[in-house]
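Everything below concerns the one structure shown next.
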Amino acid sequence: MKLKGWKELTPGAVILEAGNSAEFKTGSWRAYRPIWIKENCIQCLFCWLYCPDMAIIVKDGKREEFNYDYCKGCGICALECPGKKGNKAIKMEEEGN
Amino acid sequence: MSKVVAVTGNEAVANALRQINPDVCAAYPITPQTDLMQRFASFVSDGLVDTEMILVESEHSAMSACVGAAAGGGRAVTATSGPGLALMWEILFVASGMRLPILMPVVNRSLSAPLNIHGDHSDAMGARDSGWIQLWSENAQEAYDNTVQALLIAEHMDIRLPIMVCMDGFIISHSIERVEYLDDDVVKNFVGSYKPLNPLLDIKHPKSIGPLILPDLYLEYKRMQHEAMSKVKDVVLQTAESFQKISGRKYGLFETYRLDDAEIAIVILNSAAGTTKDVIDIYRNKGIKVGLLKPRLFRPFPYEEVGEALKHLKAICVLDRADSFGAFGPLYTEIVSSIYLTKSQPIVINKIYGLGGRDYMPEHAKIVIEELIDIINTGKVRLYKDYLGVRE
Ligand code: SF4
Ligand code: SF4
(Lines give C-alpha, C1' and ligand atoms only; values in the text may rest on other atoms or scores of the structure.)
(Ligands and ions follow the chains in the order given, each with its own letter.)
Protein backbone atom coordinates (compact mmCIF):
# COMPACT_ATOMS: atom_id res chain seq x y z
CA MET A 1 0.00 0.00 0.00
CA LYS A 2 1.31 3.44 -0.93
CA LEU A 3 1.29 5.68 2.14
CA LYS A 4 -0.27 9.12 1.78
CA GLY A 5 1.78 12.32 1.70
CA TRP A 6 0.95 15.19 4.03
CA LYS A 7 -1.00 17.09 1.37
CA GLU A 8 -3.44 14.18 0.98
CA LEU A 9 -4.46 13.83 4.63
CA THR A 10 -7.67 14.98 6.37
CA PRO A 11 -7.07 17.86 8.80
CA GLY A 12 -6.96 16.69 12.41
CA ALA A 13 -6.67 13.01 11.43
CA VAL A 14 -10.47 12.68 11.20
CA ILE A 15 -11.45 9.34 9.68
CA LEU A 16 -14.28 10.01 7.27
CA GLU A 17 -15.07 6.41 6.30
CA ALA A 18 -16.75 4.80 9.28
CA GLY A 19 -16.22 1.10 9.92
CA ASN A 20 -12.83 0.88 8.28
CA SER A 21 -11.15 -1.09 11.05
CA ALA A 22 -11.57 -4.16 8.81
CA GLU A 23 -8.70 -2.70 6.79
CA PHE A 24 -6.40 -2.76 9.78
CA LYS A 25 -5.09 -6.28 10.16
CA THR A 26 -3.92 -6.75 13.72
CA GLY A 27 -2.82 -10.35 13.13
CA SER A 28 0.78 -9.25 12.62
CA TRP A 29 1.04 -8.34 16.31
CA ARG A 30 0.59 -11.98 17.35
CA ALA A 31 3.24 -13.82 19.35
CA TYR A 32 0.92 -16.68 20.42
CA ARG A 33 -1.56 -18.39 18.14
CA PRO A 34 -4.88 -19.81 19.40
CA ILE A 35 -5.64 -23.29 18.10
CA TRP A 36 -9.23 -24.54 18.00
CA ILE A 37 -9.74 -28.11 19.17
CA LYS A 38 -13.07 -28.83 17.54
CA GLU A 39 -13.91 -31.99 19.47
CA ASN A 40 -13.86 -30.10 22.79
CA CYS A 41 -16.02 -27.23 21.54
CA ILE A 42 -19.55 -26.95 22.98
CA GLN A 43 -20.45 -23.94 20.73
CA CYS A 44 -21.11 -21.63 23.68
CA LEU A 45 -19.66 -18.70 21.63
CA PHE A 46 -17.87 -17.25 24.68
CA CYS A 47 -14.81 -16.86 22.46
CA TRP A 48 -16.78 -14.81 19.91
CA LEU A 49 -18.18 -12.63 22.71
CA TYR A 50 -14.86 -12.01 24.42
CA CYS A 51 -12.59 -11.60 21.41
CA PRO A 52 -11.61 -7.90 21.22
CA ASP A 53 -11.30 -8.06 17.46
CA MET A 54 -13.18 -10.04 14.79
CA ALA A 55 -11.04 -13.14 14.77
CA ILE A 56 -13.81 -15.65 15.58
CA ILE A 57 -15.93 -16.42 12.55
CA VAL A 58 -19.51 -17.44 13.32
CA LYS A 59 -21.74 -18.79 10.60
CA ASP A 60 -25.33 -19.93 11.09
CA GLY A 61 -24.91 -19.64 14.86
CA LYS A 62 -21.87 -21.91 14.93
CA ARG A 63 -18.27 -20.99 15.44
CA GLU A 64 -15.83 -21.87 12.66
CA GLU A 65 -12.07 -21.49 12.27
CA PHE A 66 -10.16 -18.43 13.51
CA ASN A 67 -9.60 -15.56 11.11
CA TYR A 68 -5.93 -15.02 11.92
CA ASP A 69 -5.83 -11.69 10.03
CA TYR A 70 -7.48 -10.12 13.06
CA CYS A 71 -6.17 -12.35 15.86
CA LYS A 72 -3.56 -10.48 17.91
CA GLY A 73 -2.96 -13.52 20.12
CA CYS A 74 -4.18 -11.95 23.36
CA GLY A 75 -5.32 -15.32 24.70
CA ILE A 76 -8.63 -14.08 26.13
CA CYS A 77 -10.60 -16.66 24.17
CA ALA A 78 -8.44 -19.48 25.51
CA LEU A 79 -8.84 -18.22 29.07
CA GLU A 80 -12.63 -17.89 28.84
CA CYS A 81 -13.29 -21.09 26.89
CA PRO A 82 -15.10 -23.61 29.17
CA GLY A 83 -14.47 -26.52 26.77
CA LYS A 84 -15.94 -29.95 27.36
CA LYS A 85 -15.56 -31.73 30.73
CA GLY A 86 -12.56 -29.63 31.72
CA ASN A 87 -10.82 -29.97 28.37
CA LYS A 88 -10.33 -26.58 26.73
CA ALA A 89 -11.35 -26.14 23.11
CA ILE A 90 -8.69 -23.47 22.56
CA LYS A 91 -4.97 -23.72 23.31
CA MET A 92 -2.29 -21.10 22.76
CA GLU A 93 0.87 -22.03 20.89
CA GLU A 94 3.95 -19.90 20.45
CA GLU A 95 4.29 -18.60 16.89
CA GLY A 96 7.15 -19.88 14.82
CA ASN A 97 7.45 -23.21 16.64
CA MET B 1 -22.49 53.48 16.66
CA SER B 2 -19.65 52.30 18.83
CA LYS B 3 -19.80 53.05 22.53
CA VAL B 4 -17.00 54.43 24.69
CA VAL B 5 -16.85 52.87 28.14
CA ALA B 6 -14.52 52.73 31.14
CA VAL B 7 -13.94 49.05 31.86
CA THR B 8 -11.31 46.55 33.01
CA GLY B 9 -9.58 44.24 30.56
CA ASN B 10 -11.55 41.30 31.91
CA GLU B 11 -14.82 43.17 31.44
CA ALA B 12 -13.91 44.15 27.89
CA VAL B 13 -13.04 40.58 26.89
CA ALA B 14 -16.13 39.15 28.62
CA ASN B 15 -18.18 41.63 26.62
CA ALA B 16 -16.50 40.53 23.39
CA LEU B 17 -17.40 36.92 24.26
CA ARG B 18 -21.01 37.99 24.87
CA GLN B 19 -21.10 39.63 21.45
CA ILE B 20 -19.57 36.51 19.84
CA ASN B 21 -22.26 34.37 21.56
CA PRO B 22 -20.41 31.01 21.39
CA ASP B 23 -22.26 27.68 21.43
CA VAL B 24 -20.29 26.27 24.37
CA CYS B 25 -18.13 27.69 27.13
CA ALA B 26 -16.39 25.36 29.59
CA ALA B 27 -14.38 27.07 32.28
CA TYR B 28 -12.79 26.77 35.69
CA PRO B 29 -11.97 29.82 37.80
CA ILE B 30 -8.39 30.96 38.41
CA THR B 31 -7.05 34.36 39.40
CA PRO B 32 -6.84 36.73 37.50
CA GLN B 33 -9.17 35.16 34.90
CA THR B 34 -11.96 34.46 37.45
CA ASP B 35 -13.62 37.83 37.04
CA LEU B 36 -13.72 37.45 33.24
CA MET B 37 -15.56 34.13 33.38
CA GLN B 38 -17.75 35.27 36.26
CA ARG B 39 -18.94 38.13 34.08
CA PHE B 40 -19.53 35.81 31.15
CA ALA B 41 -21.40 33.34 33.40
CA SER B 42 -23.69 36.24 34.40
CA PHE B 43 -24.46 36.86 30.73
CA VAL B 44 -25.42 33.19 30.45
CA SER B 45 -27.62 33.35 33.57
CA ASP B 46 -29.25 36.56 32.39
CA GLY B 47 -30.11 34.96 29.06
CA LEU B 48 -28.01 37.45 27.08
CA VAL B 49 -26.26 34.62 25.19
CA ASP B 50 -27.35 31.19 23.95
CA THR B 51 -24.18 29.58 25.26
CA GLU B 52 -24.19 26.23 27.02
CA MET B 53 -22.00 26.95 30.07
CA ILE B 54 -20.21 23.90 31.43
CA LEU B 55 -18.76 24.25 34.92
CA VAL B 56 -16.00 21.68 35.17
CA GLU B 57 -13.71 20.45 37.94
CA SER B 58 -10.37 21.58 36.48
CA GLU B 59 -8.77 23.33 33.52
CA HIS B 60 -7.80 19.94 32.10
CA SER B 61 -11.53 19.22 31.97
CA ALA B 62 -12.38 22.70 30.68
CA MET B 63 -10.16 22.22 27.65
CA SER B 64 -11.36 18.63 27.23
CA ALA B 65 -14.98 19.79 27.19
CA CYS B 66 -14.06 22.46 24.61
CA VAL B 67 -12.40 19.80 22.47
CA GLY B 68 -15.55 17.67 22.66
CA ALA B 69 -17.82 20.60 21.86
CA ALA B 70 -15.67 21.77 18.96
CA ALA B 71 -15.35 18.23 17.56
CA GLY B 72 -19.13 17.92 17.87
CA GLY B 73 -19.46 20.95 15.62
CA GLY B 74 -19.88 23.89 18.01
CA ARG B 75 -18.06 27.15 18.54
CA ALA B 76 -16.27 26.65 21.86
CA VAL B 77 -14.52 29.11 24.16
CA THR B 78 -12.81 29.11 27.54
CA ALA B 79 -10.35 31.36 29.38
CA THR B 80 -7.59 30.74 31.86
CA SER B 81 -4.43 32.01 33.59
CA GLY B 82 -1.01 30.74 34.69
CA PRO B 83 -1.30 27.39 36.49
CA GLY B 84 -4.68 26.83 34.83
CA LEU B 85 -3.04 26.95 31.43
CA ALA B 86 -0.32 24.65 32.74
CA LEU B 87 -2.96 22.11 33.80
CA MET B 88 -4.50 22.24 30.32
CA TRP B 89 -1.14 21.39 28.78
CA GLU B 90 -1.94 17.91 27.51
CA ILE B 91 -5.25 18.94 25.95
CA LEU B 92 -3.80 22.06 24.28
CA PHE B 93 -1.98 19.72 21.92
CA VAL B 94 -5.14 17.66 21.40
CA ALA B 95 -7.07 20.80 20.40
CA SER B 96 -4.44 21.92 17.89
CA GLY B 97 -3.68 18.40 16.62
CA MET B 98 -7.38 17.81 15.98
CA ARG B 99 -7.49 21.23 14.27
CA LEU B 100 -10.29 22.63 16.44
CA PRO B 101 -10.64 26.42 16.32
CA ILE B 102 -11.24 27.01 20.04
CA LEU B 103 -10.92 30.57 21.38
CA MET B 104 -9.17 31.12 24.71
CA PRO B 105 -8.34 34.46 26.30
CA VAL B 106 -5.26 33.96 28.50
CA VAL B 107 -4.94 36.43 31.35
CA ASN B 108 -1.19 36.10 31.76
CA ARG B 109 -0.03 35.00 35.20
CA SER B 110 3.21 33.65 36.66
CA LEU B 111 3.74 29.99 37.51
CA SER B 112 4.39 28.49 40.97
CA ALA B 113 6.65 28.06 42.94
CA PRO B 114 6.96 30.38 44.76
CA LEU B 115 3.19 30.84 44.58
CA ASN B 116 2.34 34.12 42.87
CA ILE B 117 -0.91 35.25 41.29
CA HIS B 118 0.39 38.28 39.40
CA GLY B 119 1.09 38.98 35.77
CA ASP B 120 3.98 37.65 33.76
CA HIS B 121 4.23 35.70 30.53
CA SER B 122 5.52 32.34 31.79
CA ASP B 123 2.16 30.68 31.15
CA ALA B 124 1.63 31.51 27.47
CA MET B 125 5.34 31.30 26.66
CA GLY B 126 5.33 27.78 28.06
CA ALA B 127 2.51 26.97 25.64
CA ARG B 128 4.18 28.57 22.62
CA ASP B 129 4.89 25.19 21.00
CA SER B 130 1.42 23.75 21.60
CA GLY B 131 0.24 24.54 18.07
CA TRP B 132 -2.04 27.40 19.18
CA ILE B 133 -2.09 30.76 17.45
CA GLN B 134 -1.15 33.52 19.93
CA LEU B 135 -2.22 37.16 19.73
CA TRP B 136 -0.84 39.51 22.41
CA SER B 137 -2.53 42.68 23.64
CA GLU B 138 -1.09 45.85 25.17
CA ASN B 139 -4.29 47.13 26.79
CA ALA B 140 -7.99 46.45 27.28
CA GLN B 141 -8.85 47.86 23.85
CA GLU B 142 -6.40 45.56 22.10
CA ALA B 143 -7.59 42.59 24.16
CA TYR B 144 -11.18 43.35 23.12
CA ASP B 145 -10.24 43.90 19.47
CA ASN B 146 -8.07 40.77 19.34
CA THR B 147 -10.89 38.69 20.84
CA VAL B 148 -13.31 39.93 18.19
CA GLN B 149 -10.79 39.17 15.41
CA ALA B 150 -9.57 35.84 16.83
CA LEU B 151 -12.31 33.55 15.54
CA LEU B 152 -12.07 34.83 11.97
CA ILE B 153 -8.45 33.73 12.01
CA ALA B 154 -8.93 30.44 13.86
CA GLU B 155 -12.00 29.35 11.88
CA HIS B 156 -10.62 30.22 8.44
CA MET B 157 -10.94 27.06 6.34
CA ASP B 158 -7.21 27.08 5.49
CA ILE B 159 -6.32 27.34 9.18
CA ARG B 160 -8.72 25.60 11.61
CA LEU B 161 -6.44 26.03 14.62
CA PRO B 162 -7.12 27.11 18.21
CA ILE B 163 -6.20 30.64 19.28
CA MET B 164 -5.10 32.36 22.50
CA VAL B 165 -5.59 36.06 23.14
CA CYS B 166 -3.09 37.16 25.80
CA MET B 167 -3.33 40.16 28.11
CA ASP B 168 -1.38 40.98 31.26
CA GLY B 169 -2.92 39.74 34.49
CA PHE B 170 -4.04 42.52 36.89
CA ILE B 171 -2.13 45.26 35.03
CA ILE B 172 -4.71 45.02 32.24
CA SER B 173 -7.28 42.51 33.47
CA HIS B 174 -8.11 44.53 36.59
CA SER B 175 -7.33 48.14 35.60
CA ILE B 176 -10.08 50.38 34.30
CA GLU B 177 -9.32 51.96 30.94
CA ARG B 178 -11.14 53.70 28.13
CA VAL B 179 -12.43 51.14 25.64
CA GLU B 180 -14.48 51.56 22.50
CA TYR B 181 -17.05 48.80 22.09
CA LEU B 182 -18.41 47.92 18.69
CA ASP B 183 -22.16 47.43 18.35
CA ASP B 184 -23.49 43.94 19.02
CA ASP B 185 -24.78 43.63 15.46
CA VAL B 186 -21.50 44.75 13.98
CA VAL B 187 -19.57 42.10 15.91
CA LYS B 188 -22.20 39.48 15.09
CA ASN B 189 -21.92 40.16 11.36
CA PHE B 190 -18.13 40.37 11.52
CA VAL B 191 -17.73 37.03 13.30
CA GLY B 192 -20.48 35.36 11.24
CA SER B 193 -22.05 31.98 11.88
CA TYR B 194 -19.89 28.98 12.66
CA LYS B 195 -19.08 26.56 9.86
CA PRO B 196 -17.94 23.26 11.33
CA LEU B 197 -15.50 21.05 9.44
CA ASN B 198 -16.23 17.29 9.65
CA PRO B 199 -18.35 17.59 12.83
CA LEU B 200 -19.30 14.48 14.81
CA LEU B 201 -22.91 15.61 15.10
CA ASP B 202 -23.34 15.31 11.35
CA ILE B 203 -24.82 11.89 12.03
CA LYS B 204 -25.56 11.13 8.38
CA HIS B 205 -21.82 10.97 7.88
CA PRO B 206 -20.41 8.96 10.77
CA LYS B 207 -16.69 9.38 11.38
CA SER B 208 -13.96 8.59 13.87
CA ILE B 209 -11.91 11.27 15.59
CA GLY B 210 -8.73 11.17 17.64
CA PRO B 211 -7.34 7.94 16.17
CA LEU B 212 -4.00 6.36 16.99
CA ILE B 213 -1.50 7.46 14.36
CA LEU B 214 1.67 5.41 14.23
CA PRO B 215 5.18 6.42 13.10
CA ASP B 216 4.25 5.84 9.44
CA LEU B 217 1.88 8.86 9.36
CA TYR B 218 2.45 11.02 12.47
CA LEU B 219 5.19 13.11 10.83
CA GLU B 220 2.88 13.89 7.89
CA TYR B 221 0.11 15.13 10.22
CA LYS B 222 2.59 17.41 12.00
CA ARG B 223 3.90 18.73 8.69
CA MET B 224 0.32 19.50 7.75
CA GLN B 225 -0.18 21.42 11.00
CA HIS B 226 2.89 23.51 10.22
CA GLU B 227 1.43 24.30 6.81
CA ALA B 228 -1.78 25.59 8.37
CA MET B 229 0.28 27.72 10.79
CA SER B 230 2.32 29.17 7.96
CA LYS B 231 -0.89 30.53 6.39
CA VAL B 232 -1.96 32.32 9.57
CA LYS B 233 0.09 35.45 8.89
CA ASP B 234 -1.87 36.35 5.75
CA VAL B 235 -5.21 35.63 7.38
CA VAL B 236 -4.27 37.82 10.37
CA LEU B 237 -3.56 40.69 7.98
CA GLN B 238 -6.77 40.16 5.96
CA THR B 239 -8.77 40.03 9.18
CA ALA B 240 -7.08 43.21 10.44
CA GLU B 241 -8.04 44.94 7.22
CA SER B 242 -11.71 44.06 7.52
CA PHE B 243 -11.59 44.90 11.23
CA GLN B 244 -10.27 48.35 10.40
CA LYS B 245 -13.35 48.91 8.23
CA ILE B 246 -15.72 48.31 11.14
CA SER B 247 -13.64 49.91 13.89
CA GLY B 248 -11.23 52.42 12.36
CA ARG B 249 -8.44 50.75 14.35
CA LYS B 250 -5.41 49.42 12.53
CA TYR B 251 -3.65 46.17 13.41
CA GLY B 252 -0.73 44.29 11.92
CA LEU B 253 1.57 41.41 12.80
CA PHE B 254 3.37 43.75 15.20
CA GLU B 255 3.38 47.42 16.08
CA THR B 256 6.35 49.73 15.59
CA TYR B 257 6.84 53.02 17.37
CA ARG B 258 9.32 55.64 16.06
CA LEU B 259 11.35 52.75 14.66
CA ASP B 260 11.98 53.71 11.01
CA ASP B 261 14.88 56.12 11.61
CA ALA B 262 15.95 54.65 14.95
CA GLU B 263 19.47 53.47 15.78
CA ILE B 264 18.55 51.63 18.97
CA ALA B 265 15.31 49.90 19.92
CA ILE B 266 13.43 48.00 22.56
CA VAL B 267 11.36 44.92 21.69
CA ILE B 268 8.70 44.21 24.28
CA LEU B 269 5.28 42.51 24.56
CA ASN B 270 1.98 43.64 26.04
CA SER B 271 1.35 46.31 28.69
CA ALA B 272 4.99 47.32 29.28
CA ALA B 273 5.13 48.60 25.69
CA GLY B 274 2.94 51.55 26.70
CA THR B 275 5.35 52.68 29.42
CA THR B 276 8.27 52.21 27.04
CA LYS B 277 6.68 54.44 24.36
CA ASP B 278 6.44 57.30 26.88
CA VAL B 279 10.13 57.01 27.76
CA ILE B 280 11.03 56.81 24.07
CA ASP B 281 9.32 60.18 23.58
CA ILE B 282 11.48 61.68 26.37
CA TYR B 283 14.67 60.41 24.68
CA ARG B 284 13.48 61.44 21.20
CA ASN B 285 13.08 64.99 22.56
CA LYS B 286 16.75 64.82 23.57
CA GLY B 287 17.65 63.80 20.00
CA ILE B 288 18.30 60.11 20.75
CA LYS B 289 17.09 57.93 17.90
CA VAL B 290 15.27 55.20 19.79
CA GLY B 291 12.24 53.17 18.74
CA LEU B 292 10.12 50.18 19.71
CA LEU B 293 8.71 46.99 18.24
CA LYS B 294 5.82 45.24 19.97
CA PRO B 295 4.91 41.80 18.58
CA ARG B 296 1.21 41.06 18.28
CA LEU B 297 1.30 37.68 16.54
CA PHE B 298 3.77 35.55 18.51
CA ARG B 299 2.68 32.19 17.11
CA PRO B 300 3.24 31.72 14.27
CA PHE B 301 6.18 34.11 14.54
CA PRO B 302 6.57 36.47 11.53
CA TYR B 303 10.37 36.15 11.28
CA GLU B 304 10.86 37.83 7.90
CA GLU B 305 8.71 40.87 8.62
CA VAL B 306 10.21 41.39 12.09
CA GLY B 307 13.74 40.96 10.71
CA GLU B 308 13.07 43.56 7.99
CA ALA B 309 11.74 46.00 10.58
CA LEU B 310 14.80 45.63 12.82
CA LYS B 311 17.74 45.05 10.49
CA HIS B 312 18.78 48.73 10.21
CA LEU B 313 19.38 49.08 13.94
CA LYS B 314 22.75 49.23 15.70
CA ALA B 315 21.65 47.82 19.04
CA ILE B 316 18.47 46.21 20.36
CA CYS B 317 17.30 45.13 23.78
CA VAL B 318 14.65 42.45 23.93
CA LEU B 319 12.71 42.50 27.19
CA ASP B 320 11.21 39.20 28.29
CA ARG B 321 8.55 38.89 30.98
CA ALA B 322 9.23 35.14 31.11
CA ASP B 323 12.46 33.33 31.76
CA SER B 324 14.08 30.24 30.38
CA PHE B 325 16.49 29.42 33.17
CA GLY B 326 19.95 28.83 31.82
CA ALA B 327 18.92 30.17 28.42
CA PHE B 328 17.79 33.42 26.79
CA GLY B 329 14.20 34.59 27.16
CA PRO B 330 11.65 33.25 24.63
CA LEU B 331 11.13 36.56 22.81
CA TYR B 332 14.89 37.17 22.56
CA THR B 333 15.57 33.94 20.69
CA GLU B 334 12.83 34.77 18.14
CA ILE B 335 14.17 38.27 17.58
CA VAL B 336 17.74 37.06 17.12
CA SER B 337 16.52 34.42 14.63
CA SER B 338 14.55 37.08 12.71
CA ILE B 339 17.57 39.35 12.42
CA TYR B 340 19.91 36.50 11.51
CA LEU B 341 17.78 35.78 8.43
CA THR B 342 18.45 39.31 7.14
CA LYS B 343 22.27 38.83 7.41
CA SER B 344 22.38 42.09 9.34
CA GLN B 345 24.28 42.12 12.65
CA PRO B 346 23.02 44.55 15.24
CA ILE B 347 24.00 43.86 18.85
CA VAL B 348 21.04 42.25 20.62
CA ILE B 349 20.85 41.97 24.40
CA ASN B 350 18.22 40.38 26.61
CA LYS B 351 16.68 41.62 29.87
CA ILE B 352 14.33 39.60 32.02
CA TYR B 353 11.88 41.93 33.79
CA GLY B 354 8.58 42.10 35.64
CA LEU B 355 8.37 38.44 36.74
CA GLY B 356 5.57 37.69 39.21
CA GLY B 357 3.93 41.05 38.49
CA ARG B 358 6.89 43.26 39.49
CA ASP B 359 6.09 46.74 38.16
CA TYR B 360 7.84 47.89 35.03
CA MET B 361 8.47 51.60 35.58
CA PRO B 362 9.73 54.37 33.29
CA GLU B 363 13.12 54.22 35.04
CA HIS B 364 13.50 50.62 33.85
CA ALA B 365 13.06 51.71 30.23
CA LYS B 366 15.59 54.50 30.93
CA ILE B 367 18.18 52.03 32.26
CA VAL B 368 17.78 49.96 29.08
CA ILE B 369 18.02 52.93 26.71
CA GLU B 370 21.12 54.27 28.55
CA GLU B 371 22.76 50.86 28.22
CA LEU B 372 21.96 50.70 24.48
CA ILE B 373 23.46 54.20 24.01
CA ASP B 374 26.58 53.01 25.85
CA ILE B 375 26.76 49.89 23.66
CA ILE B 376 26.72 51.84 20.38
CA ASN B 377 29.25 54.34 21.74
CA THR B 378 31.74 51.79 23.07
CA GLY B 379 30.86 48.70 21.02
CA LYS B 380 31.07 46.73 24.28
CA VAL B 381 28.40 44.50 25.81
CA ARG B 382 28.53 43.90 29.56
CA LEU B 383 26.13 40.95 29.68
CA TYR B 384 23.94 39.51 26.94
CA LYS B 385 21.34 38.28 29.39
CA ASP B 386 20.60 40.18 32.56
CA TYR B 387 17.76 40.92 34.98
CA LEU B 388 16.14 44.33 35.12
CA GLY B 389 15.31 45.87 38.51
CA VAL B 390 16.49 42.88 40.54
CA ARG B 391 17.99 43.58 43.99
CA GLU B 392 21.49 42.23 44.63
S1 SF4 C 1 -6.35 -14.72 20.91
FE2 SF4 C 1 -7.43 -12.81 21.33
S3 SF4 C 1 -7.61 -11.90 19.32
FE4 SF4 C 1 -7.09 -14.00 18.93
S5 SF4 C 1 -9.04 -14.99 18.70
FE6 SF4 C 1 -8.50 -15.20 20.85
S7 SF4 C 1 -9.50 -13.49 21.81
FE8 SF4 C 1 -9.47 -13.04 19.62
S1 SF4 D 1 -15.43 -20.60 23.96
FE2 SF4 D 1 -14.52 -22.60 23.57
S3 SF4 D 1 -16.22 -23.98 23.74
FE4 SF4 D 1 -17.13 -21.94 23.54
S5 SF4 D 1 -17.46 -21.74 21.34
FE6 SF4 D 1 -15.45 -20.90 21.75
S7 SF4 D 1 -14.07 -22.60 21.39
FE8 SF4 D 1 -16.09 -23.48 21.58
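For the reader, a short list of remarks on this structure follows.
- Residue that is surrounded by the most Cβ atoms within 10 Å (Cβ to Cβ) [pool: residues in segment B:181-237 that are in contact (Cβ under 8 Å) with a residue 40 or more places away in the chain and within 10 Å of chain A (Cβ to nearest Cβ)]: B:ALA228
- Qualifying position, being surrounded by 13 or more Cβ atoms within 10 Å (Cβ to Cβ), farther than 30 Å from B:PRO199 by Cα and of a type in the set (S, T, N, Q), among A:ASN67, A:ASN97: A:ASN67
- Residue check: A:GLY27 meets all listed conditions (1) more than 9 Å from ligand 1 (Cβ to nearest atom); (2) modelled with pLDDT under 95; (3) out of contact with any Pro (no Cβ under 9 Å at 6 or more places or on another chain) but one, namely (1).
- One residue from B:ASP120, B:ASP129 being of a type outside the set (Val, Ile, Thr), open to solvent by less than 10 Å² (accessible area, probe 1.4 Å) and modelled with pLDDT of 95 or more: B:ASP120
- In segment A:41-52, residue nearest to A:LYS85 (Cα to Cα) [restricted to those that are more than 7 Å from ligand 2 (Cβ to nearest atom) and surrounded by 14 or more Cβ atoms within 10 Å (Cβ to Cβ)]: A:TYR50
- Restricting the first member to segment A:24-51 and to residues that are part of a loop (DSSP other than H, G, I, E, B) and among the basic types (Lys, Arg), and the second to residues that are within 16 Å of ligand 2 (Cβ to nearest atom) and modelled with pLDDT of 95 or more, the beta-carbon pairs closer than 9 Å and six or more apart or on different chains are A:LYS25/A:TYR70; A:ARG30/A:TYR68; A:ARG30/A:CYS71; A:ARG30/A:GLY73; A:ARG30/A:CYS74.
- The set of residues in segment A:56-87 that are within 12 Å of ligand 1 (Cβ to nearest atom) and either more than 13 Å from the chain's Cα centre (by Cα) or in a loop (DSSP other than H, G, I, E, B) (or both) comprises A:ASN67, A:TYR68, A:ASP69, A:TYR70, A:CYS71, A:LYS72, A:GLY73, A:CYS74, A:GLY75, A:LEU79, A:GLU80, A:CYS81.
- Being away from chain B (no Cβ under 14 Å), at negative phi, in contact with a strand residue (DSSP E or B) (Cβ under 6 Å, 6 or more places away or on another chain) and more than 12 Å from ligand 1 (Cβ to nearest atom) is a description that does not apply to A:ILE35.
- Complete set of residues in segment B:308-351 that are assigned to a loop (DSSP other than H, G, I, E, B) and either among the hydroxyl-bearing types (Ser, Thr, Tyr) or not assigned by TED's automatic domain parsing to the domain that holds B:ALA273 (or both): B:THR342, B:SER344
- Here B:GLY287 clears all of (1) open to solvent by 10 Å² or more (accessible area, probe 1.4 Å); (2) part of a helix (DSSP H, G or I) except the condition numbered (2).
- Scanning segment A:88-97 for residues that are outside any loop (DSSP other than H, G, I, E, B) and within 14 Å of ligand 2 (Cβ to nearest atom), we see that the one that is nearest to the other protein chains (Cβ to nearest Cβ) is A:MET92.
- Test: residue in segment B:192-199 that is farther than 20 Å from B:PRO162 by Cα and over 24 Å from the mean Cα position of the chain (by Cα): no
- For segment B:240-288, a residue qualifies if it is in contact with a Phe, Trp or Tyr (Cβ under 6 Å, 6 or more places away or on another chain) and at positive phi, and exactly one does: B:ASN270.
- Test: residue in segment A:2-21 that is more than 12 Å from chain B (Cβ to nearest Cβ), modelled with pLDDT under 95 and open to solvent by less than 80 Å² (accessible area, probe 1.4 Å): no
- Any hit, segment B:358-369, residues being at pLDDT 95 or above, of a type in the set (Ser, Thr, Tyr) and assigned to a helix (DSSP H, G or I): no
The values are calculated or read from the model by the stated rules, or taken from the named source; none is laboratory data. Note that the structure is predicted; figures quoted are calculated from it, not measured. Because the Cβ atoms are built from the backbone with ideal geometry, glycine has one as well, and the counts that use them run over all protein chains shown. Protein only, heavy atoms only, side chains kept; ligands, DNA and RNA dropped before computing areas. Shrake-Rupley method; radii C 1.70, N 1.55, O 1.52, S 1.80 Å.
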